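For reference, the structure discussed in these notes is given below.
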């Protein structure tokens with residue numbers, strides 16, 4: 001990567017070209033800046049907006065998130081970077097969370113080609129960079145390379161990036177892609193150009209991207225691999241700087257993505273599409289390493305410019321993941337189709353550079369004339385992209401949907417009790433209410449595999465036969481549900497997950513009905529998240545599938561046994577609770593909140609151990625007879641204390657290392673003089 005045109009010459013033109021790209025993309029994405037809800041309300045953005053809404057309502061208590069899957073650490077739900085930004089904007093300027101979300105994601109969509117232009121203009125040349133930005137803004141090469149994706153977006157002249165943002169709700173991923181060129185540029189300046197002030201910039205922007213989206217983080221890893229192959233090579237000092245930047249960036253971010261979260265995400269990502277890491281992946285990696293080494297040797301010997309090599313390597317890596325899946329069904333990474341946008345960045349960089357090599361050999365008049373013709377050809381593309389985007393993001397009235405109506409009824413009927421909301425309703429519900437749910441979102445943060453088993457059993461009834469209702473109720477009661485919502489064939493809920501939507505009819509009391517939508521009561525002896533049970537009723541074996549409810553039966557029977565004293569469970573904050581009950585010898589306390597080592601139980605100022613049952617909930621042995629008062633508190637445990645110290649160390653290193661680099665650089669220069 002060698003700059004062939006000084007960016008410092010002609011700042012005005014560079015600014016105008018960047019502004020043109022910004023204006024072009026703002027024109028395409030204009031609907032988003034003032035939109036509350038779009039007609040694509042089935043996208044996963046529902047969960048992101050709900051998550052941000054919770055943060056906006058609870059700035060003073062963002063440690064434990066009680067709304068989904070029996071509760072989970074707040075940072076485990078999703079990387080909080082984008083969502084806390086949305087919550088902050090909503091709080092500061094009094095916007096609704098959904099408006100703030102669309103405003104910010106519309107802005108990050110618009111800035112994506114601008115940051116890509118900045119990278120290319122800083123390292124190569126501004127007109128080349130402008131061409132890259134235009135291609136990335138207006139064309140969708142993946143539509144030509146993948147027949148399925150081409151049919152989905154409607155052709156290469158429709159904006160796949162906008163479709164993925166709005167129809168599929170990939171706001172965090174699109175935001176990460178906006179940051180990716182900035183990360184690469186800062187790494188280049190800090191490691192290759194050895195500019196000390198870019199060291200903290202690289203650390204901050206790298207940490208910011210990692211805190212935004214996991215697929216974007218994986219995509220960045222592929223980009224950094226391409227960067228190292230094309231530019232770093234055998235430069236030991238550059239490798240040292242890159243290693244230091246990566247380490248400091250993780251320290252800055254580790255409070256929100258501690259090692260336990262990384263481990264959880266790694267496991268959940270494999271569960272999300274069944275793409276488990278196996279021995280063949282080592283074979284693939286070995287073959288990939290050999291191919292890249294050979295390509296590296298060939299490209300260097302042919303004198304290919306470093307930035308072209310960067311584009312080729314990046315295109316190869318992202319294409320291997322994305323097109324390997326589309327063409328051959330090869331799954332090198334979980335959810336390989338999600339890396340299409342990284343591939344499109346690589347194609348724009350590489351394709352435009354190859355055109356640039358030809359362009360530079362053309363007579364000046366011919367090249368100017370051809371450039372003008374291409375710019376004129378872009379006009380109908382701009383109009384086509386604009387029409388497509390406006391149609392895709394057309395606003396709608398959310399209050400007429402099943403998602404809104406059932407959420408509001410759950411808030412009225414069960415404002416504090418846990419419920420089971422179906423499909424898309426579960427994703428949207430906590431935008432309007434803090435009512436906790438058995439299920440929720442997202443795949444990367446599911447605290448226990450048995451939640452997946454439970455959801456599938458309740459929705460499908462597979463293998464249950466005539467015990468479908470019985471098995472579903474066992475799972476629902478085991479996870480503390482007090483009501484269950486069901487959507488029928490005529491519901492406006494997008495996914496219709498219940499295979500047998502009327503199975504509870506005539507069996508459970510109806511609390512509310514609206515056409516095909518219904519909420520059913522789940523009768524219980526004691527409506528609480530804490531229950532006194534005999535030690536023998538603890539779930540000690542994880543069910544192997546949905547119908548395997550044998551481990552649940554004694555537990556649920558104990559929950560409903562009137563011979564056991566009631567336990568009063570009361571949240572005292574979002575991360576603490578008080579439990580009052582009466583116990584006998586041989587009894588323990590089951591707490592229907594997801595287990596995490598950061599929880600602590602105290603009885604009469606004495607710490608008591610917390611166990612995990614085999615469906616992921618907490619069990620406490622208070623060791624008391626008669627009246628027992630138990631305090632439960634989540635503080636993140638030892639790991640939280642360690643990462644807090646590590647983050648402080650990261651801040652100090654981020655500030656100290658540039659000072660040391662600056663002093664070392666000037667010391668070397670003084671020695672030379």
Exercise for the section: Looking only at the range 575-589, decide whether some residue is touching a helix residue (DSSP H, G or I) at 6+ places or on another chain (Cβ under 8 Å), under 24 Å from residue 553 (Cα atoms) and assigned to a loop (DSSP other than H, G, I, E, B). Expected result: yes
Problem - Hey, residue 264 touching a helix residue (DSSP H, G or I) at 6+ places or on another chain (Cβ under 7 Å), at pLDDT below 95 and assigned to a helix (DSSP H, G or I) or not - result: yes
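Could you list all residues from the range 233-243 that are surrounded by fewer than 20 Cβ atoms within 10 Å (Cβ to Cβ) and part of a helix (DSSP H, G or I)? Spell out how you get there, then give the answer.
Within the range 233-243, the subset surrounded by fewer than 20 Cβ atoms within 10 Å (Cβ to Cβ) is 233-237, 239-240, 243.
Listed by number, the residues that qualify are 236, 237, 239, 240, 243.
Taking into account only those residues within the range 314-343 that are in contact with a helix residue (DSSP H, G or I) (Cβ under 9 Å, 6 or more places away or on another chain), in a loop (DSSP other than H, G, I, E, B) and without any contact (Cβ under 8 Å) to a residue 60 or more places away in the chain, which is surrounded by the fewest Cβ atoms within 10 Å (Cβ to Cβ)? Even if it seems obvious, please write down each step before you answer.
So in the range 314-343, the residues in contact with a helix residue (DSSP H, G or I) (Cβ under 9 Å, 6 or more places away or on another chain) come out as 314-327, 330-343.
Subsequent filtering for residues that are in a loop (DSSP other than H, G, I, E, B) retains 330-335.
Okay, now just the ones that are also without any contact (Cβ under 8 Å) to a residue 60 or more places away in the chain, so 330-332.
Details: 330: 15, 331: 19, 332: 18.
Here the residue is 330.
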Fill in the blank from the handout: Selection over the range 543-564 where residues are touching a strand residue (DSSP E or B) at 6+ places or on another chain (Cβ under 9 Å) and surrounded by 19 or more Cβ atoms within 10 Å (Cβ to Cβ) yields a count of 4
Practice task
Find the helices (runs of 4 or more DSSP H) located wholly in the range 36-100 whose residues include 3 or more that are without any contact (Cβ under 8 Å) to a residue 24 or more places away in the chain, and list them.
Solution key: 81-93
Exercise for the section: Give the range 448-471 a look and list any residue that's in contact with a strand residue (DSSP E or B) (Cβ under 8 Å, 6 or more places away or on another chain) and in a helix (DSSP H, G or I), or say none. Expected result: 458
Practice task
Inspect the range 397-407 for any residue being assigned to a loop (DSSP other than H, G, I, E, B) and either touching a strand residue (DSSP E or B) at 6+ places or on another chain (Cβ under 7 Å) or more than 19 Å from residue 65 (Cα to Cα) (or both) and give the result as yes or no.
Solution key: yes
Practice task
Return yes when residue 131 is outside the structural domain of residue 306 (by TED's automatic domain parsing), in a helix (DSSP H, G or I) and crowded, with 21+ Cβ neighbours inside 10 Å and no when it is not.
Solution key: no
Exercise for the section: Residue by residue through the range 599-623, note down the ones that are crowded, with 20+ Cβ neighbours inside 10 Å and either touching a helix residue (DSSP H, G or I) at 6+ places or on another chain (Cβ under 6 Å) or not in a strand (DSSP E or B) (or both). Expected result: 613, 615, 616, 622
Exercise for the section: Please work out which residue is surrounded by the fewest Cβ atoms within 10 Å (Cβ to Cβ), limiting yourself to the range 435-447 and to residues that are modelled with pLDDT of 90 or more, assigned to a loop (DSSP other than H, G, I, E, B) and in contact with a strand residue (DSSP E or B) (Cβ under 7 Å, 6 or more places away or on another chain). Expected result: 435
Exercise for the section: Scan the range 18-30 and give yes if some residue there is more than 30 Å from residue 387 (Cβ to Cβ) and assigned to a helix (DSSP H, G or I), otherwise no. Expected result: no
Exercise for the section: Could you check, for the range 421-429, whether at least one of its residues is crowded, with 22+ Cβ neighbours inside 10 Å and outside any helix (DSSP H, G or I)? Expected result: yes
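The values are calculated or read from the model by the stated rules, or taken from the named source; none is laboratory data. If you're wondering where the values come from, they're calculated on a predicted model, not measured in any experiment. All Cβ positions, even for glycine, are placed from backbone atoms using ideal geometry, and neighbour counts span all protein chains on display.
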